[in-house]
Amino acid sequence: MKFNGKDITELLALNRRNFITLIVGGAVGIGLSPLPWKMADDSAIWTQNWPWVPVPPVGEFLHEKTVCTLCPGGCGIEVRKVDDRAVKIEGRTDYPVNPGGICPLGMGGLQLLYNEQIRFTGPVKRVGPRGSGKYVNIGWDEALSMLAGRISGLRKVGKVDSITVIDGNRMRSTMAVMIERLTKAIGSPNYMRIPTSEDTFQTAGMLMQGSDSPMAYDLENSDYILSFGSGLLDGWGAPGRIINAWGQWRKDRLKRATRIIQVESRASNTASKADQWVPARPGTEAALALGIAHVIIKKGLHNTEFVNTSASGFSAFKEMVLDHYSPEKVAEITGTDSNKIISLAEGFAKAKAPVAVCGKGKGALNGSLYESMAILALNALVGNINMPGGVLVHDPLPLDKLADIEPDAIAADGLQRSRLDQAGSAKYPFSRSLFSNFAEAIIKAPKSPVDTLLIFSANPAFTLPDGGEIKRAMEKVPFIVSFSPYHDESAYMADLVLPDHNFLEKTDDIVWPAGLQYPLYGMTRPVVEPLYDTRNSGDVIIQMAKQIGGAVGDAFPWEEYEEVLKQRARGLFDSSAGLTGYDGATPAWKQMKKGNGISPDYDSFDKMWEEIKSGGLWYRPAHTYKNWGSLFKTPSGKFEFLSTKIELAAKEASLEEMGISATGDEAFMPHYEHKGHGKGEGSHSLRMVPYEMINLASGWAPNPPYLKKTLFDHQLLKDESFAEINPETASKLRLKQGDRVVLKSHKGEVKVRINIFEGAMPGYVYLPLGLGHTAYDDFLNGKGVNPNHLVDGGMDPLSGQPVWWDTPVKLIRA
C-alpha cells in the first residue's frame, strides 16, 4: 500500500526511528525506554531551580502501597519514603492490573503533591477579575457557610434548576455517586458528566447487548488486535497493563503470536510499533469497520453459530453492509486501499481470538456512537463476544446501592423540570450530558440560566472541544465553585475554591479500571499526611449537606466519606468470592481461564475491608464465557445488529430531529454518518486533528513539570508548540521545518511552528493535546497551544456527546 507515494513499510521504518525514544522498551516490556533515562538526565540539575523541590531528611526508608488515580487506569503504585517524606513512585509488582508497570504521569505524581505553586493550600475566595487567579485565603467554616447559604437561598425561592454540577469522576465511582446524590437531594436536574469514549462504549453495549456493562477487552488472551485509533502505547486504558501486555506480545520476536493492527491517520507510537499501520481518514472508522464486515459476510467468514442463534437483525444488517460498504466504496471514504480492507477482514475473521478495540487516543477522544456500534458489530460477526480474547460482557461491580433519597417538595418539583442541556430528551435519547447545548443556552440567554456552578475533578474550560465556548459561558455564571486541588483554568474562573486532597493524601475508590477484562475494585490510601489545609471532597459534600439541612442533610447520614466507601464495599462481600491479594505467580488473565473456582482469601467482611484498605484491592479473576443464551438483555434477548431501542426512540422524535441523516432501518444499525470528513475546502484548505501522547497529560490532572524534559524540540521549543504536517502538504504550501504559522478555524486561532513529519496524512495538520495552559505555574502556563480552541465542538447525532472531529483550518504565515 502506498502512502504519500511511499510504501507503508518504508514509512514505518522511518517512524520507528523517529519514535525510538518514546516507545515501550525491550522485549520484556519493563518500563518505558528511554523515558526513565531522559527524565533523569538534566532533570536533576534543572529541578534545582524549583523552590518547592523536596529535600528528604536523613531517616528510615519506608514503602507505602496505594493506587494511582491520575488516569482511569487505576495502576497499583508503591511510594518510597524517607521518614514522612515521599521521594519516589514505582509500579507495584503485587497488583494484577500493572505488575511492575507504570507510566510517565504516574512516575511524576510527587511533583503534583509537593508543588505549592500549582496547589491550593486551603479554601479561597476570588478577589480579582474572573480568570485572574487572584484569591484571598478563608477558613473552612466560612467557605462551607458561603456555599450552603447560597444553595439554601436558591432552594427557598424555588430556583434549584439554576444549580448545575459538573463531575469529572468516573461513572459508578463512590465520588460520582455522592455528587449525583447531592444534586438530586438539592433538587437540580442538571447533573453533568465529562464525556469519555468509555461512556460511548457502554451506550453502544446498552443498545446492542442490552446492558451498559464496563468496557472489558481480553487483550492478553487475544491473537489479533484490531485497534481503531486506541493509543495502546499512548496512555489508553491502564498504561501499566498495556506496557506489560506489549512485552508479552513481543517476548518472542520470531513467533509474534499476537498481531496488532493500528487504524489511525497519524503514525503514533502505537502505529509505529504495531505489526501493521492502516492510515484511514479521521472520522471514517465506522465506514472502515463496515467495509471489513462486508468482506467477512460476503466470503462467509462470519460465525454462523452466533449469528443464527444469538443475534437479531442480521438479515437487515447484511443487506445494508453488502449494498453500501463494498471495499471499493469504503476505500473512497477512508483513503484505505480496497485490497488492504479485504486483507484486514480475512486476517481478523480467520484469527482464533480476534478483538476490535475502540476509544481514540487515551480513551478521552470520543468517536461517534455509530462508530462504537460498528466496531462492536465486528466482534459479534466473528463470535468473539464474551469469549476468551474478545469483548467480555460483565455486570457492573456488585457494590451496595445507597438508600434512595427522599426528596422534599422543593427537590421533587425541581427534578421534574427539564434539563438545561436537553440530555435524555426525545431529541437526545441516549445522551447523559450535552456541553455544547449547555454552553449555548448560557451564552445566548440575556441572563445566565445558571446561577451556581459546582465543578468536581474536572477542568472543562481547558479539556472540552468547543473552541472556548464553555469558558465564555462560565464568564456569565454569577457564582462558580471549584473543588480542584490545582490551580487549573476552571478553578481560576471560580468565585470559591474548596480544594480536595491530592490522591496521595486521601482514601477513595477505583471502580473497574478502564478496559480491564475482570472485575476489580481498587482503593487509594493516604501515604502522607495532608500537607495543606485541604479536605477530601467526599467529606466536604457530607458537611455541606448537613449545613443545608432538612431533606438534603438527611440524604447524607454518614459522619465521614470512608463510611460510605465501607457501606458500598459490603456488596462485594455479599455477592461472590473475590481476592484481596495478588502474588504475581499467575497473571489474572491466565487465572480467568480456570473458570469460576475461586475461594476468597477472607472469612468475614471486616477482614475483607481491612485487606482492601491496606492493599487497595478486591478482584475476581473468573468468568463464565460464552453463555450467549442468557447473556443479552435486549428486548429480543439477543445481540441486536438492528437496535430495538433506537427504533423505539425514533417514534418519539423524527430521525431528522435527532440529527440522523440515514433513513429506514439503516438508522437503527451501525452505519457511517458523513460529517464532511476529508480535505478542507475553500479558504480552509487543511483539517486539524488533535492527538495525545503518553508523556503529556491532556485531561484534568496537570502535567508534572519534569515531563516537559521528555518533549523534543520539534514538539515544544521554549514556549512554542509544533504542528505536524506531511512533506507533500508542506511542499504545496511552500513550508519548511520550523516555519511559524497561524492556524485559524471558525472558532479561533493559534500560532504554531511547523514540524514536517512523514507519518502525518497529507492534507491534515496535527496538534498535541495537553499544551496551551493559561493557569498553573511557569512550567505549564503559556507553553504551546491548546487545539481545543480550534475544534468546533461537533456533537454526535445519536448520543449528543462532543466529538473530536477533524476541524477545517486555514493556514496563514505568521
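Structure above, values below:
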| item | result |
| --- | --- |
| Selection status of Ala374, surrounded by 24 or more Cβ atoms within 10 Å (Cβ to Cβ) and closer than 30 Å to Thr309 by Cα | yes |
| Only one of Ala441, Ala445, Ala458, Ala426 that is within 20 Å of Gly363 (Cβ to Cβ) and of a type outside the set (Phe, Trp, Tyr) | Ala458 |
| Helices (runs of 4 or more DSSP H) (entirely within region 334-440) containing at least 1 residues that are closer than 28 Å to Phe228 by Cβ and among the charged types (D, E, K, R) | 338-350, 369-381 |
| Arg241 open to solvent by less than 10 Å² (accessible area, probe 1.4 Å) and over 13 Å from the mean Cα position of the chain (by Cα) | yes |
| Region 458-468 - residue that is in contact (Cβ under 8 Å) with a residue 40 or more places away in the chain and under 19 Å from Val165 (Cβ atoms) and, of those, farthest from the chain's Cα centre (by Cα) | Asp466 |
| Checking Arg119 against (1) within 20 Å of Leu520 (Cα to Cα); (2) of a type in the set (Lys, Arg); (3) touching a Pro at 6+ places or on another chain (Cβ under 9 Å), the condition it does not meet | (1) |
| Wholly enclosed helices (runs of 4 or more DSSP H) of region 155-257 bearing at least 1 residues more than 30 Å from Asn437 (Cα to Cα) | 239-249 |
| Considering residues of region 449-479 that are under 19 Å from Leu771 (Cβ atoms) and part of a helix (DSSP H, G or I) only, the residue most open to solvent (accessible area, probe 1.4 Å) | Lys471 |
| Residues (within 21 Å of the chain's Cα centre (by Cα) and closer than 17 Å to Phe438 by Cα) located in region 472-505 | Ser490 |
| Search result, residues across region 299-352 that are surrounded by fewer than 17 Cβ atoms within 10 Å (Cβ to Cβ), of a type outside the set (A, V, I, L, M, F, W, C) and within 22 Å of Met208 (Cβ to Cβ) | Thr304, Glu305, Asn308, Thr309, Ser315, Glu319, Asp323 |
| Residue in region 620-631 that is within 30 Å of Phe456 (Cα to Cα) and open to solvent by 60 Å² or more (accessible area, probe 1.4 Å) present | no |
| Helices (runs of 4 or more DSSP H) wholly inside region 1-116 containing at least 1 residues that are at pLDDT 55 or above | 104-107, 109-114 |
| Some residue of region 553-570 being touching a Pro at 6+ places or on another chain (Cβ under 6 Å) and touching a residue at least 60 places away in the same chain (Cβ under 8 Å) | no |
| Close pairs from region 755-773: first closer than 12 Å to Glu728 by Cβ, partner part of a loop (DSSP other than H, G, I, E, B) and of a type in the set (Ser, Thr, Tyr), Cβ under 7 Å, at least 6 apart | Met761/Ser265; Tyr764/Ser265 |
| Enumeration of residues in region 408-429 that are of a type in the set (S, T, N, Q) and under 25 Å from Leu207 (Cβ atoms) | Ser418, Gln422, Ser425 |
| Cβ-Cβ under 7 Å pairs, at least 6 apart or on other chains, region 792-813 side farther than 14 Å from Leu207 by Cβ, far side of a type in the set (Lys, Arg) and assigned to a strand (DSSP E or B) | Asp806/Arg687; Thr807/Arg687; Pro808/Arg687; Val809/Arg687; Val809/Lys744; Lys810/Lys744; Ile812/Lys744 |
| Candidate set from region 544-603 (those that are of a type in the set (Val, Ile, Thr) and at pLDDT below 95); member that is least open to solvent (accessible area, probe 1.4 Å) | Ile598 |
| Search result, residues across region 123-154 that are in a loop (DSSP other than H, G, I, E, B) and among the small types (Gly, Ala, Ser) | Gly128, Gly131, Ser132, Gly133, Gly139 |
| Test set (1) open to solvent by 10 Å² or more (accessible area, probe 1.4 Å); (2) under 19 Å from the mean Cα position of the chain (by Cα) - Tyr217 fails condition number | (1) |
| Odd one out for Pro189 among (1) surrounded by 20 or more Cβ atoms within 10 Å (Cβ to Cβ); (2) touching a strand residue (DSSP E or B) at 6+ places or on another chain (Cβ under 7 Å) | (2) |
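The values are calculated or read from the model by the stated rules, or taken from the named source; none is laboratory data. Quantities reported herein were computed from a predicted structural model and do not represent experimental measurements. Virtual Cβ from ideal backbone geometry, glycine too; neighbours counted across all protein chains shown. Note: areas computed on protein heavy atoms with side chains; ligands, DNA, RNA excluded. Shrake-Rupley method; radii C 1.70, N 1.55, O 1.52, S 1.80 Å.
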